[in-house]
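Structure, as structure tokens:
The values are calculated or read from the model by the stated rules, or taken from the named source; none is laboratory data. Bear in mind the structure is a predicted one, so any value in this text is a computation, not a measurement. Ideal geometry is used to build each Cβ from the backbone, glycine not excepted, and the neighbour counts take in all protein chains shown. Ligands, DNA and RNA are stripped out before the accessible areas are found, and what is left, the full protein with its side chains, is counted by its heavy atoms. Shrake-Rupley method; radii C 1.70, N 1.55, O 1.52, S 1.80 Å.
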Amino acid sequence: MDRALVSSIAHTWHPIAAPVSPSNARTLLRRLGCPPDGDVVDLGCGQGEWLLALLHEQPGVRGTGVDISEPALAGAQTNAGRRGAGGRITWVHADAATWSGGGYDAVICVGASHVFGGLTATLAALRAHLRPGGRVLFGDAIWETPPSPAAQRALEAGPDDYPDLAGFLERVADHDYEVGYGHISTLEEWDDYEWSWTGSLTEWALAENTTEADRLYALEVARSHRSGWLAGYRGQLGFATVVLRT
Ligand SMILES: C[S@@+](CC[C@H](N)C(=O)[O-])C[C@H]1O[C@@H](n2cnc3c(N)ncnc32)[C@H](O)[C@@H]1O
């Protein structure tokens, strides 16, 4: 099975592909303060949940979602149609690192800093998509505590691969953004996200009429993800989502 398909199935129960609850996502989107008739782009949009939630609150906004995963974009398109937002969002299948669509009033980029080569490169890249005075909603991983060897093994990441919260805020300041609002994911949000990830995949493997090879593969991915999380990085990997003003 293709990893993009596995990821898409794993996000069935928690389509925001980050440890942020729907209610905290709505608060962050309100604090983003996009103009009522503004243009917004979501780089690495996944199944489009951030854009769909924003357009639900602000029906005059026009959205563009960019992602490299065909299964994620197919899900986004279906969800947008079901929620009556199909005509107001353009879905683009492209590498967000090289794609350019002009200037936007707001840029959303959550859980996708790997696309641009890490935190510093992402903070620089997002600015290039902004109109003067534009705003950013940016979410990325941080270390809540210095990572144990088990956490590093599970994530295949070293202590320097993510900053702590202070380091994250320093890099934001280095790029001349002002932090307008923020949210640090709680352990409850992490648990809901990770149980949903492994749970949706397990449910799919046991309930769908699929091949035996795909069923066994999906179950193994779910087991190994769950063990990496529970015995590895739970409580050590954090997630910060901030509204950045220019
Ligand atoms: C952790 S998910 C976050 C999805 C979404 N932002 C959310 O919070 O629900 C990361 C997303 O980045 C996408 N991605 C990975 N590489 C990409 C690239 N080069 N260009 C665009 N999207 C990419 C993945 O397909 C995936 O949907």
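Note on surface exposure: VAL243, VAL115 rank VAL115, VAL243 by accessible area, highest first, 1.4 Å probe. Using a probe of 1.4 angstrom and keeping all protein chains present, the accessible surface of segment 11-67 works out to 35 square angstrom per residue.
Can you check how the C-alpha radius of gyration of the chain compares to 2.2 N^0.38 Å, as a plain ratio? The partial results should precede the final answer.
Values: Rg = 17.7 Å, N = 246, 2.2 N^0.38 = 17.8 Å.
Ratio of Cα Rg to 2.2 N^0.38 Å: 0.99.
For segment 91-139 and segment 143-194, what is the separation of their Cα centres, given in Å? Taking the Cα centre of segment 143-194 as reference, the centre of segment 91-139 is 19 Å away. For segment 48-99, the relative contact order comes to 44 percent (Cα pairs under 8 Å, sequence separation of at least 6). Sites listed here are GluC sites (Glu not before Pro) in segment 174-246 whose DSSP assignment is loop and whose Cβ has at most 12 other Cβ atoms within 10 Å: GLU208.
Per-atom-type breakdown for the chain gives carbon and sulfur 51% of the accessible area (1.4 Å probe, protein chains only). Using the Cβ-Cβ distance between ALA166 and ALA94 with R0 set to 41 Å, the FRET efficiency works out to roughly 0.75.
For GLY65, the amide hydrogen comes within under 5 Å of the amide hydrogens of ASP42, THR90, TRP91, VAL92, counting only partners 5 or more places away or on other chains and with H modelled in the peptide plane. Each residue of segment 216-229 was assigned a 3J(HN,Hα) from its phi angle through the Karplus expression (A = 6.51, B = -1.76, C = 1.60, θ = phi - 60°), giving 5, 5, 4, 5, 5, 5, 5, 4, 6, 5, 5, 6, x, 6 Hz with x at Gly and Pro.
Couplings 3J(HN,Hα) for segment 182-188, derived from phi with the Karplus relation 6.51 cos²θ - 1.76 cosθ + 1.60 (θ = phi - 60°), are x, 8, 9, 4, 8, 5, 5 Hz, where x marks Gly and Pro. Placing a label point 7 Å from the Cα of GLU203 along the Cα-to-Cβ direction, none of the residues of segment 34-62 has a backbone N under 16 Å of that point. Estimate the FRET efficiency between ARG3 and ALA124 by the formula 1/(1 + (r/R0)^6), using the beta-carbon distance for r and 25 Å for R0, to the nearest 0.05. The value I calculate is 0.35.
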